[in-house]
Amino acid sequence: MNKEDAAETPTPEERAAQPAKRDAFAELLAPKPKQPKTSHEQPSAAGAQLKRAVGARDGLGAYIAHPERYPPSVVVYSNDDFVAIHDLFPKSTLHLLLLPRDPAKTRLHPFDAFDDAAFLAKVQAEARKLRTLAAGELRRRYGRFSAQDRERQQALDADPPPDELPAGRDWERDIMCGIHARPSMNHLHVHVISVDRYSDRLKHRKHYNSFATPFFVPLEDFPLAKDDVRRHPGREGYLQREYVCWACGEKFGNGFSRLKAHLEEEFDRWKRR
């Protein structure tokens, strides 16, 4: 979730009031209606925007504190140490967030939080579990299109099915787990996101480059060395870089519309691998 999205994110209470749908992942891709203002006082436009932005940056705290209040369309699962939620503004066809609940860590920058080796190991272990769940969802959605999954799909359709299914495509390789070098939300969170970057919520340079440059730091790269250049995302200019396709490396300069059209083509190729 980026700062621009956070400014327009509905409050947790508004999201909790929305009814759950059968397909929680599909719900994320549907446009969300803006909530009407309830106050009779009309603040200045700049003041209202600042208030929304500040409040939204703290928005993840409600899920950490009370995950039981939200439907499966919002919270994937929770336990004593973590909450996994759907990102309201997904930047790929599948985009989840893993939220640690440790009160001593939850408001730290990930570079600082992950200096604790024991805490890092716990987060990495939980992220692997969520990654496996996410990979299963990708297989459910796209396995029937995938050439690597063809033999597995044929075995599933057999009557009777074999005792052991072919392994098929390793969908976990199509899931990225990591953090942003400069998080837009105040609470510590790990992105668990499919590689495709195919979403109507991906709308501009920062959205794309935050997942397609070293601004996105894979969880397995931690702990980072103190002189790792990714600790200085502003100096490195990651978000201002020209567009490069995540899949084939083709360069698009500043042509976002051309990139978006290309990403649709790459998405079709990717799901058919």
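The values are calculated or read from the model by the stated rules, or taken from the named source; none is laboratory data. In this text the structure is predicted, and so the values were computed from the model without any measurement. Cβ coordinates were reconstructed from backbone atoms using ideal geometry, including for glycine residues, and neighbour counts include every protein chain displayed. Just so you know, the surface numbers come from the protein's heavy atoms only, side chains and all, with ligands and any DNA or RNA stripped out. Shrake-Rupley method; radii C 1.70, N 1.55, O 1.52, S 1.80 Å.
The equivalent ellipsoid that matches the C-alpha gyration tensor of the range 80-119 spans semi-axes of 23, 12, 8 angstrom, in descending order.
What are the semi-axes of the equivalent ellipsoid of the range 149-273, taken as the square roots of 5 times the eigenvalues of the Cα gyration tensor, listed largest first and rounded to whole Å?
33, 20, 12
Separation of the range 227-262 and the range 116-166, taken as the distance between their Cα centroids, equals 29 angstrom.
Computed from the alpha carbon positions, the gyration tensor of the range 111-219 leads to an equivalent ellipsoid with semi-axes of 33, 19, 9 Å, biggest first.
Could you order peptides 127-135, 252-260 by the average number of other Cβ atoms within 10 Å of their residues, highest first?
127-135, 252-260
In order along the range 132-141, the Karplus-derived 3J(HN,Hα) couplings, from 6.51 cos²θ - 1.76 cosθ + 1.60 at θ = phi - 60°, round to 5, 4, 5, 4, x, 5, 4, 4, 4, 6 Hz, and Gly and Pro are given as x. Among 236-245, 217-226, 194-203, 70-79, sorting by the average number of other beta carbon atoms lying within 10 angstrom of each residue, highest first, gives 194-203, 70-79, 236-245, 217-226. Close amide H partners of TYR77, meaning residues 5 or more places away or on another chain with modelled amide H under 5 Å apart, are ALA84. Karplus-based coupling profile of the range 161-166, in residue order and whole Hz: x, x, 5, 10, 7, x, with θ = phi - 60° in 6.51 cos²θ - 1.76 cosθ + 1.60 and x standing for Gly or Pro.
In order along the range 258-273, phi translates into HN-Hα couplings of 5, 4, 4, 5, 5, 4, 5, 5, 5, 4, 5, 5, 4, 5, 8, 4 Hz, rounded to whole numbers, per the Karplus curve 6.51 cos²θ - 1.76 cosθ + 1.60 with θ = phi - 60° and x for Gly and Pro. Gain on full extension, evaluated as 0.36 nm per residue between LEU165 and ARG272 minus their Cα-Cα distance, stands at 36.5 nm. Tally up the carbon and sulfur contribution to the accessible surface of the range 134-248 as a whole percent, 1.4 Å probe, everything protein left in place. Ligands and nucleic acids excluded, carbon and sulfur give 46 percent. For the cross-link pairs LYS129/LYS203; LYS91/LYS260; LYS91/LYS206; LYS91/LYS271; LYS129/LYS226; LYS206/LYS251, which exceed 18 Å when the distance is taken from alpha carbon to alpha carbon? Table pairs above 18 Å Cα-Cα are LYS129/LYS203; LYS129/LYS226.
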